[in-house]
Each structure stands twice: as structure tokens, then as C-alpha cells.
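The values are calculated or read from the model by the stated rules, or taken from the named source; none is laboratory data. Because the structure is a prediction, the values reported are computed rather than measured. Virtual Cβ from ideal backbone geometry, glycine too; neighbours counted across all protein chains shown.
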Amino acid sequence: MADDSKPLNFIQQTINSDLEAGVVDKVVTRFPPEPNGYLHIGHAKSICLNFGLAQQYGGDCHLRFDDTNPEKEEDEYVQAIIEDVQWLGFQWSGDIRYASDYFGQLYEWAQYLIREGKAYVCELNAEQMREYRGTLTEPGKNSPFRDRPVEESLILLESMKNGDVDEGLMTLRAKIDMASPNVSLRDPVMYRVKKVPHHRTGDAWNIYPAYDFAHGQEDAIEGVSHSVCTLEFASNRPLYDWFIENLPVPATPHQYEFGRLNLNYSVTSKRKLKQLVDEGHVDGWNDPRMPTISGLRRRGVPAVAIRNFCDSLAVAKTDGMVDMSQLEHFIRDELNTNAPRAMTVMRPLKVVMTNLPEDHLEQLQAPMHPNLDMGNRTLPFTREIYIDQNDFKEEYSKKLNKKLSPGKRVRLRNGYVIEAIDFVKNDSGEVVQVNASLVPDTLGTDPADGVKPKGVVHWVSAQHCVDCDVYLYDRLFSDPLPDAGDKNFLDAINPDSLQILTGCKTEVGLTDAEAGQPYQFEREGYFCKDSKNSSAERLVFNQTIALRSTWVEA
RNA sequence: UGGGGUGUGGCCAAGCGGUUAAGGCAGCGGCUUUUGAUGCCGCCACUCGGAGGUUCGAAUCCUCCCACCCCAGCCA
């Protein structure tokens, strides 16, 4: 039974009544991606739904590749999809399935339909077929080949299959109703000739089944009880049912449609994502700005954050636009509770503690996390340190009273209170060094003179730190609806979505950070070592997401 | 204009004829804080696309209207 702490969605309600009525005795779902691109956040919702349903009801969820169109499908994509599903934390029941496993069975069923007088080989070309189909408001008209003899169709189908027919010359069509108000019932194409090698079946076939002729039968073969798909397939449902009713299939699965996930400031269309990759607007399918599962992973988003986000979304028939901030909430929520803390200075400014000896070296202890159970780390503290340029102001102002400025104090995070004395500028007028004095006896306690610092600043020892590059990301699109209406989504690309900071200084302890392991760089945000650009010589961190900030300096 | 689907606060969304219309995100106040983070407290729809109707009583039932989404690939 499903978890009853949350209201049941309409699919769970259906499952419950199917179970009660005995129509179904085991829940079987499936996630059926076409291997023609990488999975994105929209797929994550479907994955969480389908695998989640199976878990809740003690059933099975199959991973099935819908590989019925060899022109667009590649093995690279199936490998990537397998990796993404597993990374998200799901395991399918039994072997991985492929629509192509059923090509033989599908072909026999096509012959069956022909013999039943319910399918025929049509020789209309694409343009003619469009004309015969009619329009949304006018009925179509029958193909001149509609009543051709069964034997003839059988023979023609065989030659299509054997490669004796050129592409575009013939199709196999279901004989349903050319006057149906539902256009997808106007003698839909079941098989088309494609003399294209398939990533699994090679050149064994010259014809490939169309989605509508394949999907429901695949479900029936696998014993899928609840075939969940997105809303745009709703008008295909009568056709799904028609094949199930008219074929000697081993089961009668049913299709249910829910609203797909749309996220603002992003696009979730494999076609458009592929275009971003192919045209080089991003660094591949796993560019950290991409809403792909692999992009989110490379960016440092934990799988559990994605799952929690998906679980928070309603499964309903409304197709809404979810705020990016909603996803961000779950990312921060997870990272805040689990990411170890560290200090990284992104725009280093040297601070010299003039009242400390040159060789001062002190090992400070700092907690890994506000949750003290996560242990401690050691921070070397020396006479020279780096703080962020942003945390020093030449002149004090009340609005910026948490910054360090001459005569003012600040606490070094996990360390002492310091007070700035003066500063040094270079020829360009930039502050390049701050001289300060350490206020004694302020480790873990406020200054004895009662002058308590307002701000806390992160820092790193100038002698004991490591250089790194930090990649800061902003949304890929500056338009909340980059592909609405007739807009060209490429025009909405945010030119400042990637900012690379070099010469940043981080704790030595992060030298051997594991790629993907999240850290909170205190007062900045969450980061992880990049799996692609990091090397033995170069340490690169991706910003997963900034800390929430309700404060605006300007 | 044919068919299918949906309309509850800025966003997501519960609600399935009967207390003052859940909750989350965002936002706004305040408290705590060695992260301007986190946490905590408070505020945020006299109203449920609109208009009628049924009823003692409707966001929930009926009627009409309006808006938006999907369908005319030999894509999925």
C-alpha cells in the first residue's frame, strides 16, 4: 500500500481501486526512454514516479528502451541513461528491456492484423498521406489501397521487411476510421521502411514499428499494469487501446497520463538540449548548467535532492511551470544538512598580522559541520592570511559594518578577532594588502575590552593553502520562458551564465577532494570538485548553488 | 471551427456538498547565531477562471460562457 501520510495522487487512487477490484494483482510499471538523448530533470519526475509506484506497492518497474527509430538512437545514449537511472538511486526489475527485443513478435502481430482485415500496406507517399488524412475539422478519406487483398498486403509487408522496397514508398497502416474526430485513429502508420542499421539489431530489419504500434504491445508482453506517460499522449490512448483489443496480446495494460514537469529559466526538450550541445553553447550534455541528470550530477546536486524535489511535485493532469527556486530549496536543504564545511577565498586579499612573529604557526581546530558529530579539521593559522577582497572596505560605513576596515574589527571564522590598522594600494589604486593586529585571547570568546566584532570573515593561511579555480554558474537562460510561443530559445541564452575565477585559495585539506563530493564554502555556497576540468595540476570547483542571501550590498 | 485535457494566492498544490479554503516554494517582518547561512516565531486568498442555477449549505453538483495546453511526423 502507498504511504498515507501524503494525499494519494490520481494514479495511486486508480491502483488502489484496481487492486481492490482484483483487476490487477501486481503493480508493474516501466520507465521507457528513447535512447536519443540524455535524461533531464523532467525524466527524473517520471523515473521517481514509476519506480516509486513499484516500491510503494511491492511491484516491479522495468527499464525499457523504446528503440523503434534507429535514425535517432545511439548506444552512447543507452549507456548514459543506464548510468543516470542508477545514480538517481533506482534499480529496475529483471533485465533491461528493449522494444527491439519484441520486433519479431510485433511483426507477427502485424501479419495477424492484416489477416483479420484490420491492416493494409499503403502506397501513398508522405505528402499524399497528409492530404488523405484530412484536417482537424474535416474528415480524411480512405486510401485507395485500403481494401487491397490480404494476401497482397502480406506479400508486400514481407518485401518491405526484406529490403525490397525503398524508403517512403510503402507503409503498413491500421484500418480504423478515416473520419474519426481523433486524428490519430485515421489509419495510423504501424510500420515504415527505414534502411538504417539499428544499434542492437544491426541490419536485420528494413522496417521499424511506429511508437503507437509498439508501446502498448510492449507493455502487454511485459505485464505492465499501469503504463504512465505524459499528457501529450492522451489522444493516443484510444489507439493504444485499439491495438490491445484487436491483438491476441497476453495482457490488457492501461495508459494513464500526467502533467510533465516544466522548470522556468530552462528548457526540457531533448531536441533543444541536443542543439545546445551540438552547437557548442555548452560543455557537453553534462555541462553543469544543463538541466540534464548528468549536468546536475557534475554540478554537485545530490541525487536525494532531485528525488525529494520530484516527490514534492504533484502527480496531476495540470501542466504547470515550476519555479527554479523550488528545486533550489531541496538542493540547499540536503547540502546544508550533509555537506562538510570549508573555507575558500575566491578573491584573495592578503592580511598581515603585524603583532605576530614571522614564523607564527598555530593549529586551530574547526568543526567539519555545525553538527559536531561530523568531527573536526585542523586549520593552520599564520601571520599572513587571505581574506576576500569583498570583506575589506577602505572606509567604514554603518551599512557595511560587518566588513573589516581600518580601526574596525572582524572575527576570523573559527579563529581570532583581528583589527585592521592600515592598507597598501598598488599603482592602479587597488588595495593589495591590509595590515592588522590580532586581538589576543579571542579564540572562542569575545574581546576582553568589550568591543565585539560585528562580522565574521572566512580566511585561509597564506602559507598553507592551495590554489584553485572556481566556476560560478548562473541560470543558462535569462528569460523565465525561453521557448514560449515562437521565441527562439537560443536568443535567451544568458551570456554571463559562467564566470571563471582563477587564483582562488582554499584549505590544503581539499587538495585531494573527491570529484562530486559536496562542500559548503562558508559564507559563499556549495561547491564540488569538477570531474572534467580538474587534474593533478589544476583544482577546479563547480559552484552547485550559492547560499541563500536576503542581504543586498548595493 | 473537430477531438482530447486543464483552470484554487507570485509559483507548485491539497480539497471528492457541511467548522474561520491544508501544506510547500518565493516574499515580508522579528528573534537566535563565530557562516548577512541554518534554526525559530509571525504575516501573506472574505475567496476557489466567469456568470447563472440546484441546495438549509458548493471550490466541490448542473448549465452556459471564457482562457490556456495537446493532436493533422512514414518522431516518441
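Observations on the structure shown:
The rows are residues; the columns are (1) touching a helix residue (DSSP H, G or I) at 6+ places or on another chain (Cβ under 8 Å); (2) modelled with pLDDT of 95 or more; (3) more than 11 Å from RNA strand B (Cβ to nearest atom); (4) more than 26 Å from A:D467 (Cβ to Cβ).
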residue: A:L364; (1), (2), (3), (4): no, yes, no, no
residue: A:N371; (1), (2), (3), (4): yes, yes, no, yes
residue: A:N376; (1), (2), (3), (4): no, yes, yes, no
residue: A:Y386; (1), (2), (3), (4): no, yes, yes, no
residue: A:D391; (1), (2), (3), (4): no, yes, no, no
residue: A:K399; (1), (2), (3), (4): no, no, no, yes
residue: A:L404; (1), (2), (3), (4): yes, yes, no, no
residue: A:V410; (1), (2), (3), (4): yes, yes, no, no
residue: A:R413; (1), (2), (3), (4): no, yes, no, no
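- Output for segment A:269-300, where each listed residue is in contact with a Phe, Trp or Tyr (Cβ under 9 Å, 6 or more places away or on another chain) and aliphatic (A, V, I, L, M): A:L273, A:L276, A:V277, A:M290, A:I293
- The residues listed here are A:F521, A:F489; of these, the one that is within 18 Å of A:R377 (Cα to Cα), within 16 Å of RNA strand B (Cβ to nearest atom), hydrophobic (A, V, I, L, M, F, W, C) and crowded, with 16+ Cβ neighbours inside 10 Å is A:F521.
- Annotation: A:D101 fulfils all but one of (1) in a loop (DSSP other than H, G, I, E, B); (2) among the acidic types (D, E); (3) under 29 Å from A:S269 (Cα atoms); the unmet one is (1).
- Within segment A:121-233, strands (runs of 3 or more DSSP E) holding 2 or more residues that are more than 9 Å from RNA strand B (Cβ to nearest atom) and buried (at least 20 other Cβ atoms within 10 Å of the Cβ): A:171-174, A:226-230
- Of the strands (runs of 3 or more DSSP E) that lie entirely inside segment A:339-445, those containing 2 or more residues that are over 14 Å from A:A462 (Cα atoms) and charged (D, E, K, R) span A:409-412, A:417-425.
- Selected residue [charged (D, E, K, R), over 19 Å from A:K505 (Cβ atoms) and either touching a helix residue (DSSP H, G or I) at 6+ places or on another chain (Cβ under 6 Å) or within 11 Å of RNA strand B (Cβ to nearest atom) (or both)] from A:D427, A:D446: A:D446
- For first residues located in segment A:440-451 and among the β-branched types (V, I, T), partners that are within 11 Å of RNA strand B (Cβ to nearest atom) and lie 6+ apart or on another chain with Cβ distances below 9 Å form the pairs A:T442/A:R411; A:T442/A:G415; A:T442/A:Y416; A:T442/A:V417; A:T442/A:P453; A:V451/A:V417.
- A:T502 meets each of the listed conditions (1) outside any loop (DSSP other than H, G, I, E, B); (2) farther than 19 Å from A:P348 by Cβ apart from (2).
- Among the residues of segment A:450-473, those that are in a loop (DSSP other than H, G, I, E, B) and within 16 Å of RNA strand B (Cβ to nearest atom) comprise A:G450, A:V451, A:K452, A:P453, A:K454, A:H458.
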